[in-house]
Amino acid sequence: MYQQPVLPISDPQTFNAVKGAIEASFSSGRVAEFLRSLERSKMRIRDFETVLRKGLLGAGTSAEYTRLGDGDQGQIRELYLASLEHVAPELREKFFKLYAYY
């Protein structure tokens, strides 16, 4: 079975700040609010770069993300995409259009 290799993080402080912003957005208490903000903005949930630029993950998160190296940015994108797949099924159904491929 394939196991994803553990990559070293080059800037742990900045990486953890961006990671914390993503985890906070997908926390059980805030995920519905985050999804509503995406819906109001008419954004696609899987378009990470746009979500980041629009400040929906926090005001300073985009600037912190750009300070990360390519490897760290890739890990953050993977974390974001994995997080959106772990949203409760009833919320995914409620915000079906955000998750739909079109």
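Read the figures in this text as sums done on the coordinates, not as results from a lab. These numbers come from a predicted model, not from an experiment. Cβ: placed from backbone, ideal geometry, glycine included. Neighbour counts: every protein chain shown.
Residue 49 fails exactly one of the following numbered conditions: (1) within 13 Å of the chain's Cα centre (by Cα); (2) buried (at least 16 other Cβ atoms within 10 Å of the Cβ). What is the number of that condition?
Unmet condition: (2).
Looking at (1) more than 14 Å from the chain's Cα centre (by Cα); (2) among the acidic types (Asp, Glu); (3) buried (at least 19 other Cβ atoms within 10 Å of the Cβ), can you tell me which one residue 72 breaks?
Looking at each condition in turn, residue 72 falls short on (1).
If only one of 50, 66, 14 is assigned to a helix (DSSP H, G or I), hydroxyl-bearing (Ser, Thr, Tyr) and in contact (Cβ under 8 Å) with a residue 40 or more places away in the chain, which one is it? Explain how you work it out, then say what you get.
Details: 50 fails: in contact (Cβ under 8 Å) with a residue 40 or more places away in the chain; 66 fails: in contact (Cβ under 8 Å) with a residue 40 or more places away in the chain.
Testing whether each residue is assigned to a helix (DSSP H, G or I), hydroxyl-bearing (Ser, Thr, Tyr) and in contact (Cβ under 8 Å) with a residue 40 or more places away in the chain leaves just 14.
Specify which of the listed residues (85, 78) is under 16 Å from residue 7 (Cβ atoms), within 12 Å of the chain's Cα centre (by Cα) and loosely packed, with under 14 Cβ neighbours inside 10 Å. I'd like the intermediate steps shown before the answer.
Values: 85 fails: under 16 Å from residue 7 (Cβ atoms).
Checking each option against the conditions leaves just 78.
Which one is farthest from residue 86 (Cα to Cα) among residues in the range 53-63 that are in a helix (DSSP H, G or I) and out of contact with any Lys or Arg (no Cβ under 6 Å at 6 or more places or on another chain)? Steps first, answer last, please.
Applying the first criterion (in a helix (DSSP H, G or I)) to the range 53-63 yields 53, 61-63.
From what's left, out of contact with any Lys or Arg (no Cβ under 6 Å at 6 or more places or on another chain): 53, 61, 63.
Numbers: 53: 23, 61: 21, 63: 26 Å.
Residue satisfying both the conditions and the ranking: 63.
Determine whether the range 18-31 contains at least one residue that is within 12 Å of the chain's Cα centre (by Cα), farther than 24 Å from residue 71 by Cβ and not β-branched (Val, Ile, Thr).
Yes, because at least one residue in the range 18-31 is within 12 Å of the chain's Cα centre (by Cα), farther than 24 Å from residue 71 by Cβ and not β-branched (Val, Ile, Thr).
Kindly evaluate residue 42 against the criterion of being of a type in the set (Lys, Arg), part of a helix (DSSP H, G or I) and either surrounded by 14 or more Cβ atoms within 10 Å (Cβ to Cβ) or out of contact with any helix residue (DSSP H, G or I) (no Cβ under 8 Å at 6 or more places or on another chain) (or both). Let's see the steps before the verdict.
Numbers: of a type in the set (Lys, Arg): yes; part of a helix (DSSP H, G or I): no; either surrounded by 14 or more Cβ atoms within 10 Å (Cβ to Cβ) or out of contact with any helix residue (DSSP H, G or I) (no Cβ under 8 Å at 6 or more places or on another chain) (or both): yes.
No: the conditions fail for residue 42.
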